[in-house]
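The values are calculated or read from the model by the stated rules, or taken from the named source; none is laboratory data. Worth saying up front: this structure is predicted, and the values here are computed from it rather than measured. Please note: Cβ atoms are built from the backbone with ideal geometry, for glycine as well, and neighbour counts cover all protein chains shown. Areas reflect the complete protein model, heavy atoms only, side chains present, ligands, DNA and RNA absent. Shrake-Rupley method; radii C 1.70, N 1.55, O 1.52, S 1.80 Å.
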Amino acid sequence: MSILIKNGRIITATDDYVADVFISGEKISSIGQQLSMPADRVLDATGLLVMPGGIDPHVHLDMPFMGTSSSDSYETGTRAALFGGTTTVIDFVLQTQGKSLRSALDEWQGRSNGNAVGDYSFHMAVTDFNERTRGEIQGMIENEGITSFKIFMAYKGALMINDSQMVGLMQEVKKHGGLINVHATNGDMIDYLIAKHRAEGKLAPLYHYLSQPEVTESEASARFIDMAHYTGCPGYIVHLTCEGALNAARNATRRNQNIFVETCIQYLLLDASLYEQNFEGAKWVMSPPLRQKKDQEALWAGLNQGLVQVVATDHCPFRWEQKLMGKDDFSKIPNGHPAIENRMELLFSEGVNKGRISLNKFVEVASTNAARIFGMFPAKGTLAVGSDADIILLDPHEKHTLSATTHHMNVDYSGYEGWELTGKVKTVLLRGQVAIADNACHVKKGYGRFVKRHKVAGHL
Ligand code: URP
Ligand code: ZN
Ligand code: ZN
């Protein structure tokens, strides 16, 4: 199968030019002006932007969490991602405390194998670091292609590990050429504030926000960064939300340390005033919570300063009936928010079209940097000869409205209901197949492939 994309404006993290792209099988085989080779299919991209497929390195599909499971399966979640221009996602395997990493991987493979529509990979969340776990790290990196290990500094009793486990894991991961991802918030302090609010009868979603003040994130981020400095292990802070935590990362650059920072689309666009409405605020109960306008400004600036390298989603959807588990107690509301389908178009409309970031920056933070940081570049994350033909065609002028009535995520509300966006993903190719065209998905469950990743360099 061959495809010729004609007359598109090609945008990568560094380039901007009009050309044709010829795809043979799963790969890009030629890029040039007025290519004339015969193709099975020709796509006219006149007036469209031709960009690498998006990479969302922070999603939770079909994940058991807080007494329920996130509502998108590998099928519905990766299909919804494709509709929005994201061709590859990285999900998190969660070790069960007392059990091995291998048994967790078996469990996640059982849910994902044969079910994904789009490509996916795994990070491994280490929730119980001990001598047995230590012995599994090298094999995960070298045999399974799982090169990044997540630690939670919160969710005590379920996912959180302590500082001594953190240091031990970092040393082992460093030794074998991996990377540590961290959910950096101070779990003990948060648990104290949750208990205090509950004891005072303060049970509305607003108190989820008030139980995780900025200091809980800035303190943990700084502590993590110090440990990463001590161990020399590359570190990646997931879902960073606020100015204080960003300043901790900024300080790391002052001592020549490489720390990668991810924020999520919701932290750039939404703020904590959404918690000031009764139970409706549960739609945005996530950890860390939404912050203030001044934090949004810091994050947009951080993108342009190169201090924030990735915009992800932390897609962790729960249907409304699941959110209702916490209707009488905010601490029982499953934490998470749906955005896997909306990330690229939101970032394009609110970021590029509103002049906050350039087109090249858009590609960099929505695709290329994640591919580089997590060991998938240049197969993923760019348009180049030899790269996977994961390509989106985006109309920069088309207007559309986000709504739960039209989205493809398995969740019955939208965090962005009624938002009018400019810029629409029209066509999506995944490894040389037209996956999305004419508002329909043309690849089946099982087409999505697990991406084994290579060791990380620790720098971009
Ligand atoms: O609220 C969130 N973020 N839910 C998913 C788990 C996590 O902390 O990433
Ligand atoms: Zn988290
Ligand atoms: Zn997450």
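Among residues of the range 54-70 being in contact with a helix residue (DSSP H, G or I) (Cβ under 7 Å, 6 or more places away or on another chain) and crowded, with 23+ Cβ neighbours inside 10 Å, the one that is farthest from Lys6 (Cα to Cα) is Leu61.
When the residues of the range 80-98 are filtered to those that are in contact with a helix residue (DSSP H, G or I) (Cβ under 9 Å, 6 or more places away or on another chain) and open to solvent by 10 Å² or more (accessible area, probe 1.4 Å), which remaining residue is farthest from His400 (Cα to Cα)? First the steps, then the outcome.
Taking the range 80-98 and keeping what is in contact with a helix residue (DSSP H, G or I) (Cβ under 9 Å, 6 or more places away or on another chain), we get 81, 84-96.
Narrowing further to those that are open to solvent by 10 Å² or more (accessible area, probe 1.4 Å): 94, 96.
Values: Leu94: 37, Thr96: 42 Å.
Ranking the qualifying residues of the range 80-98, first place goes to Thr96.
Just to confirm my filter: which strands (runs of 3 or more DSSP E) fall fully inside the range 1-71 and include at least 2 residues that are modelled with pLDDT of 95 or more and either under 14 Å from Ser387 (Cβ atoms) or among the basic types (Lys, Arg) (or both)?
Details: elements: 2-11, 16-24, 27-32, 41-44, 49-52, 54-59.
Result: 2-11, 16-24, 27-32, 49-52.
When Val311 is tested against the conditions (1) within 16 Å of ligand 1 (Cβ to nearest atom); (2) in contact (Cβ under 8 Å) with a residue 60 or more places away in the chain; (3) open to solvent by less than 10 Å² (accessible area, probe 1.4 Å); (4) hydrophobic (A, V, I, L, M, F, W, C), the lone failure is (2).
Residue by residue, here is whether (1) of a type in the set (D, E, K, R); (2) touching a residue at least 12 places away in the same chain (Cβ under 8 Å) holds:
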site	(1), (2)
Phe377	no, no
Ala384	no, yes
Thr405	no, no
Glu420	yes, yes
Lys444	yes, yes
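In the condition set (1) closer than 13 Å to Val117 by Cα; (2) within 15 Å of ligand 1 (Cβ to nearest atom); (3) open to solvent by 30 Å² or more (accessible area, probe 1.4 Å), Gly77 is compliant with all but (3). Can Ile146 be described as among the β-branched types (Val, Ile, Thr), part of a loop (DSSP other than H, G, I, E, B) and in contact with a strand residue (DSSP E or B) (Cβ under 8 Å, 6 or more places away or on another chain)? Yes, satisfied. The residue pairs whose first member lies in the range 270-289 and is open to solvent by less than 10 Å² (accessible area, probe 1.4 Å), whose second member is hydroxyl-bearing (Ser, Thr, Tyr) and away from ligand 3 (no atom under 16 Å from the Cβ), and whose beta carbons are closer than 7 Å, counting only pairs six or more residues apart or on different chains, are Ala272/Tyr209; Tyr275/Tyr209; Gly281/Tyr275; Pro289/Tyr209.
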